[in-house]
Structure formats: C-alpha cells, structure tokens
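The structure appears right after this line, and notes come after that.
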Amino acid sequence: MRKNNFTIRLAVLADLDSLLLSIFERARLFMASVGNPHQWVQGYPGRSLMEAEILSSHCYVCLYESRIVGTFCFIPGPNPCYSVIEGGAWFSDAPYHVLHRLASDGSVRGIADACLEWCFQHTANLRVDTHQDNKVLQHILAKHGFLYCGIIYVANGTPRLAYQKVISQ
C-alpha cells in the first residue's frame with residue numbers, strides 16, 4: 001500500500017538489523033525522553049522475537065522513499081493475554097487483529113497514521129495495548145477513535161492499558 005509517500009510491506013529477514021538497530025533503538029530512546037522509560041527495557045523486542053514475527057508474517061515495515069522508517073506487528077487474534085480484562089470489557093468479541101510494537105525512527109511524521117490506516121484496510125476490529133506511561137501512543141489511539149477498554153496483563157505479568165476500535169461494515 002502507498003499513502004502519503006509511505007509504502008507498507010511484509011518485513012523480511014534482511015530487514016532485521018534495520019529494525020533492531022535503527023527503529024527499535026531510536027524508539028526506546030524517544031520513549032525514555034518523553035517519560036516512558038520502562039516499556040521496552042533490556043533490549044526488548046529482541047532478535048529472536050522479531051525473527052519469529054517476520055517468519056510468521058506478522059511484522060511489517062513502513063518505508064518512506066524506499067527507506068525503512070517504521071514497523072509494526074499485525075497479528076490475527078485471539079491473543080491469550082486478552083482473554084481476561086480488568087476494570088472494563090472489550091466492545092466486540094468478533095474476530096480481531098492486534099497491533100503490537102508500533103515504532104518509528106522519528107525521521108518522518110505520519111508513520112503511525114499510515115500504519116493504522118493500513119491496519120483498517122485489513123480488519124474492522126483492532127485491539128492494542130500499551131504501557132501506562134506511553135502517553136504518545138495513547139494520544140495517537142484517541143486521535144484515531146480507539147476507546148479504552150480496561151487493563152490486560154502481558155505474558156510477563158505486567159499490566160497494560162487495552163484499547164479497541166471497531167469499524168462497522
């Protein structure tokens with residue numbers, strides 16, 4: 001897909017170093033600089049996780065002028081971490097996809113918008129979770145019409161704010 005000079009395509013193993021060294025490293029530095037130093041710690045997401053996401057065809061890259069500037073994982077549900085939600089409820093239990101690890105190198109504006117637009121061309125029901133300190137993503141989600149649903153717990157047991165947007169078809 002091409003929109004606003006962005007192209008989104010499946011990631012390939014040859015993209016792995018760009019994702020780990022350019023995109024995720026810069027994203028971690030950015031998150032720490034805006035008050036979110038605890039979300040992606042100890043090298044998360046690591047090489048083995050991202051390699052598995054690429055091999056599973058869940059990882060996508062966002063290119064601008066043929067240069068990788070962002071990435072995200074788009075994973076069909078169900079997600080076991082989403083089976084229990086505290087302090088709220090999901091708005092729809094219809095088949096859904098999950099957006100994970102949305103990140104950019106910070107060089108171009110509009111990457112999150114392009115990635116979310118791409119996701120909604122491929123699903124009408126999208127769920128996202130984020131760290132409570134990730135105010136930037138929370139703002140982006142609100143801007144795109146996502147609603148807060150409650151708290152879920154990721155695999156390591158830490159809480160995440162859960163959001164969902166359902167587009168009626």
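Calculate what fraction, in whole %, of the accessible area of the chain sits on carbon and sulfur atoms when a 1.4 Å probe is rolled over the protein chains.
Details: 4700 of 8620 Å².
Ligands and nucleic acids excluded, carbon and sulfur reach 55 percent.
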- Message: Taking the solvent-accessible surface of protein heavy atoms with a 1.4 Å probe, what is the per residue accessible area of the stretch 15-169 in Å²?
- Response: 49 Å²
- Cα-centred dipole magnitude for the stretch 25-81, charges only on beta-carbon of K, R (+1) and D, E (-1), debye, nearest 20: 120 debye
- Are there trypsin sites (Lys or Arg not before Pro) in the stretch 106-135 that DSSP marks as loop and that have at most 14 other Cβ atoms within 10 Å, and which are they? R109
- Message: Can you tell me how the stretch 1-60 classifies by the Cα gyration tensor, rounded, prolate or oblate, using a/c under 1.5 as the rounded cut?
- Response: oblate
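At a 10 angstrom cut-off on C-beta neighbours, averaged per residue, how do the peptides 65-72, 26-33, 39-46 rank from highest to lowest? Don't skip to the end; give the middle numbers.
Numbers: 65-72: 18.6, 26-33: 16.0, 39-46: 13.8.
So the peptides 65-72, 26-33, 39-46, ranked by packing, come out 65-72, 26-33, 39-46.
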- Message: Going by Cα centres, the stretch 117-169 and the stretch 27-81 are how many Å apart?
- Response: 15 Å
- Query: In the Gaussian network model of the chain, springs joining C-alpha atoms below 10 Å, which of N134, N36, N156 carries the largest mean-square fluctuation?
  - Reply: N156
- Task: Give the span of the chain's Cα atoms along each principal axis, as three whole-Å numbers ordered largest to smallest.
- Result: 41, 37, 29
- Taking only DSSP H segments of four or more residues, each worth -39500 (n - 2.57), what value at 222 nm results for the chain once the sum is divided by all its residues, to the nearest 500 deg cm²/dmol? -6000 deg cm²/dmol
- Cα centre as origin, Lys/Arg/Asp/Glu Cβ charges: the chain dipole, Debye: 300 debye
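The values are calculated or read from the model by the stated rules, or taken from the named source; none is laboratory data. Every value quoted in this text rests on a predicted model; they were computed, and no experiment measured them. Backbone-built Cβ (ideal geometry, glycine too); neighbour counts: all protein chains shown. Side chains are part of the model used for accessible areas, which takes the heavy atoms of the whole protein and leaves out ligands, DNA and RNA. Shrake-Rupley method; radii C 1.70, N 1.55, O 1.52, S 1.80 Å.
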